[in-house]
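The structure appears right after this line, and notes come after that.
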C-alpha cells in the first residue's frame, strides 16, 4: 500500500495548483476595483478561483451538484462581504475561510449523497489491472476522507489537496499552527487505520 500522502495525491492528480503568493497583490487590486464599483474585477477573481473553490467544496460533500451549488454560494457570500475585506490576509485565505464555513454549515444541515470524483485521463502506459487497482485505492481514500472528523478533514483538504502552508491553513480555520499540525497528524493516522481496516476485510 502506498503512503497516505502519496495515495491522497494519486486520488486527486488533476487538482490545479493554487495561485502563487506573488499574485496576491493582483487580487488586492481586483478587490479594490470591485469595491470601487467595477463588477468585472470580481468576475476575474471568480474565474481565477472557481475551480479551487469547487474542488474544496466537493471534498466536503462528495457530490457534484451540491459542490457546484455551494461554490456559487461561496462567491455570492464573498461578493456581498467584499466591503469588509481589508487586505490584512490574502484574498485566497479569506475566500477559503468563507468556503470552509459554507461547507461546515452544509454538512451540519444535511447528509449528502456520495458520488464519485472522476479521475484524470487514464494513464495509457498502465495496464487494465494496474488502472483498476489505482482507481480502487483512490476510491477508498476518498471515502475514508469523508469519514474524518470535521477539523481533521478541513485541515487535510486544505493542506494536502490544496497544498497550503500550515500558516495559511491556520488563518483559514482560525486556529494555531500547532493545532493545524496536530489535526493533520491525527487525520493521517486515522486515514491509515481506516485503510488498513479496509484492506483486512
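Computed from the coordinates by the stated procedures, all read-outs in this text should not be read as laboratory data. As the structure is a prediction and not an experimental result, all values here were calculated from the model. In this analysis, Cβ positions are derived from the backbone assuming ideal geometry, glycine residues included, and neighbour counts consider all displayed protein chains.
So here's what we get for this one:
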| item | result |
| --- | --- |
| Inter-label distance, nm, simple model (7 Å from Cα along the C-beta direction), residue 47/residue 109 | 3.0 nm |
| Stretch gain in nm, segment residue 68-residue 33, where the contour uses 0.36 nm per residue and the Cα spacing is subtracted | 10.0 nm |
| FRET E, pair residue 139, residue 192, Förster distance 25 Å, beta-carbon r, rounded to 0.05 | 0.90 |
| Packing-based order for 74-83, 164-173, 145-154, using average beta carbon neighbours within 10 Å, highest first | 164-173, 145-154, 74-83 |
| Cα-derived Rg over Rh, computed across segment 133-201 with Rh taken as Kirkwood radius | 1.03 |
| Sites residue 83 and residue 147, calculated FRET efficiency, Cβ-Cβ separation with R0 41 Å, nearest 0.05 | 0.60 |
